[in-house]
Amino acid sequence: MAGNKIRGITVEIAGDTSKLSQSLRDVDTALRDTQNQLKDVNKLLKIDPKNTELLKQKQDLLNKSIDQSKEKVAQLEKAQQELGTRTDSNAKQYDAIEREIIACQAQQEKWTEQVKAMESPVKSLQATLKDVSKTTGDWAEKTKGISMAAGAAAGGL
């Protein structure tokens, strides 16, 4: 995100005058941490692309990123409302906030597309695992009788 581009802007939010970058610091830090985790998961998925646990983690991290970005947009929109309409005196601040909102929303769309793109492979893997589980269960049931017959035969010797 372009959080550094709005550094030094002072906006009154909920009656508290503070720098906008200060009010966004927590959400930016959380978003950055989530993105670092996502990079780690993506590196591991290159090694093992069908690892279901990693796929689940990726999906969870993408959804978390979307939520964090939505929170950031809400904060930015609130700051923009506090500024009021764009005027000559606040144009620089207003435009910086507007650019940041656009950047966040664009990133949200990319993450949403990634989550949607993952749905098909995840469902396919789930179906495969279900088939394997059913086959294993069927095989266990069929071999159960063989084990009992072998045990009876061995006991009868």
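The values are calculated or read from the model by the stated rules, or taken from the named source; none is laboratory data. Everything numeric here is computed off the predicted structure, so don't read it as measured data. For neighbour counting, all protein chains shown are included, and Cβ atoms are generated from backbone atoms with ideal geometry for every residue, glycine included. Each accessible area value is taken on the protein alone, full model and side chains, heavy atoms only, with ligands, DNA and RNA left out. Shrake-Rupley method; radii C 1.70, N 1.55, O 1.52, S 1.80 Å.
Per Stokes-Einstein, at 10 °C and 1.306 mPa s, what whole-number D in µm² s⁻¹ belongs to segment 70-113, with the Kirkwood radius over Cα pairs as the hydrodynamic radius? My calculation gives 146 µm²/s for D. The length gained on full extension between residue 130 and residue 60, counted as 0.36 nm times the residue separation minus their Cα-Cα distance, comes to 23.0 nm. Computed from backbone phi, the HN-Hα couplings of segment 25-41 come to 4, 4, 5, 5, 5, 5, 5, 5, 4, 4, 5, 5, 5, 5, 4, 4, 5 Hz, rounded to whole numbers (Karplus: 6.51 cos²θ - 1.76 cosθ + 1.60, θ = phi - 60°; Gly and Pro given as x). With R₀ fixed at 22 Å, the C-beta to C-beta distance from residue 98 to residue 29 puts the FRET efficiency at about 0.45.
Per the Debye calculation on segment 29-128 with a single equal scatterer at every Cα and no solvent contribution, log₁₀ I(q)/I(0) for q = 0.14, 0.16, 0.18, 0.19 Å⁻¹ amounts to -0.62, -0.73, -0.84, -0.90.
Accessible area of segment 64-105 with a 1.4 Å probe: how many percent of it is carbon plus sulfur? Reported share for carbon and sulfur atoms: 46 percent. For residue 23, the solvent-accessible surface with a 1.4 Å probe is about 40 Å², rounded to the nearest 10.
Structure note, pairs 50/116; 64/130; 64/92; 110/130; 46/130: Cα-Cα distances above 21 angstrom occur for 64/130; 64/92; 110/130; 46/130. Charged neighbours of residue 42, selected by a Cβ distance under 12 Å, balance to +2 (K, R count +1; D, E count -1). Each of residue 51 and residue 118 was given a label point 7 Å from its Cα along the Cα-to-Cβ line. The distance between the two points is 1.4 nm.
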